[in-house]
Every structure is written in structure tokens, then in C-alpha cells.
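So the structure is just underneath, and the comments pick up after that.
Every number in this text was worked out from the coordinates using simple rules, so none of it is lab data. The model shown is predicted, which means the values in this text are computed figures rather than measured ones. Quick reminder, even Gly has a Cβ in these numbers, built from the backbone with ideal geometry, and neighbours come from all protein chains shown.
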Amino acid sequence: MGTNLAKAPRREPEEPIWLLDSMTTVMSWITKRPAERRRSLDTERTRVYSGGKIASGTNLPEKELRRRGWGEVAYMSYGEWLVWLENALNDVHAGTDHGRKGLRASLCEMATPGIGTLSHDEVALSYKYQFPVHAVGYNWLKSNADSANRLAEKIKEFTAYYRDTYHYQCDKVILVTHSMGGLVARHCSEVLGLRDSVLGVVHGVMPATGAAATYKRMKNGTEGVAGLVLGPNAAAMTAVAGSAPGPLQLLPSRDYGMGWLRIRDGKQLVALPVSNPYSEIYAVRGTWWGLCDDTLLNPLDPDKKTIDQDWTQFTDLIRRYVEPFHTGISGRYHLNTYAFYGDDVAHAAFGNVTWAQQAPSLLRGHIPPLQHLLGERGTDDPGCGGVLLKVTQEGKTAVASFSLQDPDENGDGTVPVRSGRAPGNRAKACIAFSGIDHEGAYKLDATRRFTLAAITRIAQGVKGTALEYKT
């Protein structure tokens, strides 16, 4: 969700509605009610906004950086990182002794996890080429397949610019992704067939097989300060994500594994899905544990006159956009892939999501077996992590109360280890780092140096292509 968005169709001047320049530009979202969120963040009424703040610190004019797309992405998340990467990859100047004392040269002296120590020849080869850093935003509300199409068009646009303007031999790019952008890049290179236009890919904290946190956030909102903006409760989250395929495509796929949703009552345990998360969790209606509360889907219809239609549209998203997208990228990665992920108990993530019975035994009465509670709606669900069930049998009322448990797996606060490391057997390197916060994954020196080393290693792939210098 790190791309700035504006109203669609395009108007002059453009009017941003999701602008991540600073806390000031996002604070207005804290007070927005579900209906306002649904009205503003509509997939068909939003587009990428290119007028975001541009970071200073390079020797390039703002006009050039805007052409490269820097204004499309969140300054708060990527501003300093874009400057760092641009300067590290284009450092032939007196201040670095024309690269001899640059960051790439230091990669010959210090080993990079998963990559090792680069040779002087590898670094020297990289200095034969220019690496102008571009940014490609995407409408994260829409399907990642749509975003992949936009990425494909941008790849063609940027490479054509250098061929047409400077007559450079430029027909390949290196992709560096963050989070959801990794899914976009995989669909672009592997499903749309742009693999030959991509020399290699570096994925940072990609939810490769999904993130169970997506389910958790649909049930009780996004945690922490970020939740005040993204949606602090189920009503706010469902109002937007319930009609947006992009966020729903972050749900765990089949590749994530089975049994990650757990409902526990003492020694009784139900673990879902058994074989199909789409039919067993995501499209289940009228239960307290299903992904989506149908009464929250459309806050623009307070009388719930269109609730059945809204539910049909929601399940269509699961059937037509979420499951096919997951299937399309399943196990598919660019042949020259490098990846890193977070593995830290201090940034625990939801590997499993567990609902646990909390009602004291004195209040519970004769609660039926756990399986009998799964078909119930919560009679008092504040959308904040707790569900109250009142069950009446044979004239007697019993009370059950389930609440969501804390994150249970190392990660980066959003992506658990099991999903972050999923590219492992298909990547040149897939490395865990501690201390990674999901949003700030590229703010650490260790992950930046890993990315720089990976780009330098990927650049060796010019050998045998039209980009290779002939001797």
C-alpha cells in the first residue's frame, strides 16, 4: 500500500486521496468512517498519483526523478532508500575516487550473507553500465494482475526512452520489490512472459505464499499506529478490502499450507483449512470465524438492502481474482531471483491465527462441543478481537467467548518466516535478517547492502546478451 493514489479519471490538477509524504498527509484517514473509506478507496475511482514528494540527495533534477516515477511511491517508506540506491549504483565521481572507494567496491572486502564476497571483476563489470533507478507504483486496490500489466508497460516505456533518447542498448531491467510488489513482479515476469526483459529480481519481505495477518486484519483491523490509518477495526478494513482484489490476494494461498486458522476450546481444536482455504474460510458466510462479516461489506447501504448482492460480489472476487492469481504464480519465480525476509521474535507475525475460548467456566454453562459453535454468528462482535456467542439449547443459555491470540511466529511483524522463506529452493539466495520491520525493510544497512550485492551479481547476466561489450 506504498503507492500514492488519486481520484480517477485523471483531472487537472490531480487530487491525491492517498498520499504518503508524511504523517501530516495521512492523518486525515484516522477519523474516516467505514463509509468514507469505501467511497474514497474504490478500485474503479482511483489511479496512481505521481505528484508525491521527491527525496533530495542526488545530483539529478526533480523533473528527471519524476520521469523515473519517484513521485508515485511513498516518500515515508522509500524516499531515503531511492536516494541511497541511486547514489550507490551511480557513484563514479571524485568523492568515491571514481568508484574505487564506493559501496560496491566494499563488497569485495566484506562478505554478504547468501552471496559471499564479490570479485573485483564482478564489481568492475558493473561499472561498465549505468543503473538509473526508477520507481513503479501501482493501484494496490486492484488485482495484482492489473498492476503487473502496468509494470510491463513501464518496463517498455523506460527502456524505450533510453534507446530513443540516447541510443543506448537498453532492453533489460533489474527489479527490486517490496512486499506485495513481489507478487506483482512474479506475475509480470512469469505469467505475462516478460522474463527475457528482466535480468533478475531482488525481493524484500515478500509474502510469497500469503500472510495470515491479512485474515487477522479483516477480523479486527490493523494493529498499532498504522492501524489508525489503514483501518483500526473490522468495519474499517472490510469496507475497503472487501471490494478490492489486491489486498485479498495477500491472503494465504494453498502453498502457505493447511491448518493455519485454529479454533481452540481447551483440548478441543479445529484447524482450517483442510484442503481449500477459498471455500473453507474465505467464502464462508454467516459464521463468526469466516474471513468476512457480510454485514460490514457495504457501509454505503446501512439498511442492508443489497447485502446478498454484496456477498455475491465478494465471493466473485475470491473465485475470479484471488484463487486464480495465487494459482498463476504458484511456485513461479524468475530464474535469477534473490530474496530476503525477516526472522525475528521481536517482530513476530501471524504464522497461525488462533481463536481461543476465554469465557470463565462459571459463565459458560453447558456449551455444546466446539464443532457445534462453528456455525454460529457472534452475537456481540465489536470487531476488536473478541467474539461473544450465546447458545441456547433446551431452554438453557450458555456463553462462549473467543479472542484472537498474539502472533506466534518469527517474522517482520506482517510476513511470517514460513512465507518469507518460501522462495528458498528457487532463488539464488534467500536470506533471513533480524531487526526487520515490514514497512521499513529497506531502511536497514544490512538489507541495503544485500540488495546492492544482489544487483551487482545479477548484472553479470549481461554476458552472452546484446548488452555485453564485445572485445
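Numbers at a glance
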item: Cβ-derived FRET efficiency at R0 25 Å, E44 paired with Q309, nearest 0.05; result: 0.90
item: Set of aspartates and glutamates near K154 by C-alpha distance (under 14 Å), chain-local residues within fewer than 8 positions excluded; result: E72, D146, D171
item: Neighbour-count order for M1, M237, fewest beta carbons within 10 angstrom listed first; result: M1, M237
item: Whole-Å distance, taken between Cα centres, linking the stretch 55-112 and the stretch 229-308; result: 41
item: Modelled FRET efficiency - R0 22 Å, R33 with Q358, Cβ distances, 0.05 increments; result: 0.15
item: Exposed GluC sites (Glu not before Pro) absent: longest stretch of the chain, with sites in DSSP loops and at most 11 other Cβ within 10 Å deemed exposed; result: 110-393
item: Which label in [x] 1.05; [y] 0.92; [z] 1.64 gives the computed Cα Rg over 2.2 N^0.38 Å; result: [x]
item: Computed FRET value (nearest 0.05) for T117 with E80, which takes r as the C-beta separation and R₀ as 22 Å; result: 0.25
item: Rounded to 5, percent antiparallel among DSSP beta bridges of the chain; result: 55
item: Relative contact order %, the chain, counting alpha carbon pairs below 8 Å whose residues are six or more apart; result: 17
